[in-house]
Amino acid sequence: MLALETSCDETAAAVIEGVACLRGSAVATQAAVHAVYGGVVPELASRQHLTNLRGVVNEALGQAGVGLSDIDVFGATTGPGLASALLVGSSAAKGFALALDKPFLALNHIEGHLLSPFFGADDIPECVGLVVSGGHTLLVDVAGAGRYRLLGRTLDDAAGEAFDKVAKLLGLGYPGGPRIEEEARSGDPARFDLPRSMKCSGDHDFSFSGLKTAVRYLLPETGSADRPDLCASFQEAVVDVLVHKAVRAARLARRRLIAVSGGVGLNLRLRERLQRAAAEEDLEVCFAASALCTDNAAMMAYVAAQQWRSGPSSGLDQDIFPALGADLFRAN
């Protein structure tokens, strides 16, 4: 199977054999292109996908030692994501499938993140999935492959988006998550009393826009010497909420495993705090491999493999869906 991923600012292709054998994977990042603007510019992203796609497909096929005509099934992320970016990958995969008279699979980006901690496994264990990325923050009850129930989501900014916006406010550049984490290492996380929005809301939803605004209001009162403390305090506020909500969701859903995915899942403070809190509740935590946390096609190829085993192919008239829809989530 060949899977393409172009939902945001990474152009990626991967070839998988079965569910466990990743034959080839290539990713072309656009971070340098968007760093000038402090965030992703959709039109630039889609143009870069057009430029990068041929190269990443050829690289993935070359690693796999196969040609395009050897592929049995083509898949692509069709949502959620940036509309103009999604169209590039999905149109290419449909074109390959049509030209070679092979099946096409429409793949869900969120499912890619949800399953990424279990890459290569035949079966997906029951767990609560915490997806934390630049575009999404979700808690999902996972009963198995294709059996997901949405527990909660961000009502405004995603956690990764908040990291990027605060980094931009502080002049740290893009992407913001790694830069804030680096600054925070030498900072005092208790220095600034920042809000933990919706931490005790009684549900599984999130909100990070107020936290971003609180940092903005502190800027006139702080200088460059205060930046490590401000970054550490901001990071701690985000981690506090994520850890509290994830552990609570696992307890209420009666799942013993929390599976973490998405770019923010690379944050070492989040990993440390979540592992400690889970151990106190007799829960287990697993994280997606580092290479599978940020957007990539390997996780989408894994979704394609799982999907191919359990259902029919998608029609070539399958449209993209930029917004997070309800189709992925159903009662377990």
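Of the residues that sit in the range 116-166 and are more than 14 Å from the chain's Cα centre (by Cα) and of a type in the set (Val, Ile, Thr), which one is surrounded by the most Cβ atoms within 10 Å (Cβ to Cβ)?
Looking at residues that are more than 14 Å from the chain's Cα centre (by Cα) and of a type in the set (Val, Ile, Thr), I get Val128.
Just checking, how many residues over the range 103-120 are in the same structural domain as Ala14 (by TED's automatic domain parsing) and part of a loop (DSSP other than H, G, I, E, B)?
1
Just checking, does the range 3-18 include any residue being β-branched (Val, Ile, Thr) and more than 22 Å from Cys293 (Cα to Cα)?
No, there is no match, as no residue in the range 3-18 is β-branched (Val, Ile, Thr) and more than 22 Å from Cys293 (Cα to Cα).
So which of Leu82, Leu87 ends up being over 23 Å from Cys286 (Cβ atoms), within 17 Å of the chain's Cα centre (by Cα) and among the aliphatic types (A, V, I, L, M)?
The match here is Leu82.
Which residue pairs have Cβ atoms under 8 Å apart, sit 6 or more places apart or on different chains, and have a first residue in the range 18-43 that is touching a residue at least 24 places away in the same chain (Cβ under 8 Å) and a second that is in a helix (DSSP H, G or I) and aromatic (Phe, Trp, Tyr)?
Val19/Tyr302
Of (1) under 23 Å from Leu324 (Cβ atoms); (2) touching a helix residue (DSSP H, G or I) at 6+ places or on another chain (Cβ under 9 Å); (3) in a helix (DSSP H, G or I), Gly210 satisfies all except one. Which?
So the condition that Gly210 fails would be (2).
Just need a number here: residues in the range 141-154 that are within 17 Å of His244 (Cβ to Cβ) and among the aliphatic types (A, V, I, L, M).
Qualifying residue count for the region: 1.
Is it the case that some residue within the range 217-229 is without any contact (Cβ under 8 Å) to a residue 24 or more places away in the chain, in a helix (DSSP H, G or I), aromatic (Phe, Trp, Tyr) and on the phi < 0 side of the Ramachandran plot?
yes
Applying the selection to the range 80-102, what residues are part of a loop (DSSP other than H, G, I, E, B) and either touching a strand residue (DSSP E or B) at 6+ places or on another chain (Cβ under 7 Å) or among the basic types (Lys, Arg) (or both)?
Within the range 80-102, just Lys102 meets the criteria.
Taking only pairs six or more apart or across chains, which ones have beta-carbon atoms under 8 Å, a first residue in the range 121-132 that is closer than 16 Å to Val303 by Cα, and a second residue that is in a loop (DSSP other than H, G, I, E, B) and not β-branched (Val, Ile, Thr)?
Matching pairs, first to second residue: Ala121/Ala20; Asp122/Ala20; Asp123/Ala145; Ile124/Ala145; Val131/Gly262.
Among the residues in the range 63-79, are any within 21 Å of the chain's Cα centre (by Cα), over 22 Å from Ala145 (Cβ atoms) and part of a helix (DSSP H, G or I)?
Scanning the range 63-79 turns up no residue that is within 21 Å of the chain's Cα centre (by Cα), over 22 Å from Ala145 (Cβ atoms) and part of a helix (DSSP H, G or I).
Please give the number of the condition Asp156 fails out of (1) among the acidic types (Asp, Glu); (2) assigned to a loop (DSSP other than H, G, I, E, B); (3) farther than 30 Å from Ser233 by Cβ.
Only one criterion is unmet by Asp156, namely (3).
Taking the range 285-327, which residues are touching a helix residue (DSSP H, G or I) at 6+ places or on another chain (Cβ under 6 Å) and in a loop (DSSP other than H, G, I, E, B)?
Within the range 285-327, Ala288, Thr294, Leu316, Ile320, Pro322 meet the criteria.
Between a first residue in the range 240-255 that is in contact (Cβ under 8 Å) with a residue 12 or more places away in the chain and a second residue that is of a type in the set (Val, Ile, Thr), which pairs have beta carbons less than 7 Å apart while being 6 or more apart in sequence or on different chains?
Matching pairs, first to second residue: Leu242/Val132; Ala246/Val128; Ala246/Ile258; Ala249/Val128; Ala250/Val128; Ala250/Ile258; Ala253/Val128; Arg255/Val128.
The values are calculated or read from the model by the stated rules, or taken from the named source; none is laboratory data. Everything numeric in this text was worked out from a predicted model, so none of it was measured. FYI the Cβ positions are ideal-geometry reconstructions off the backbone, even for glycines, and counts take in every protein chain you see.
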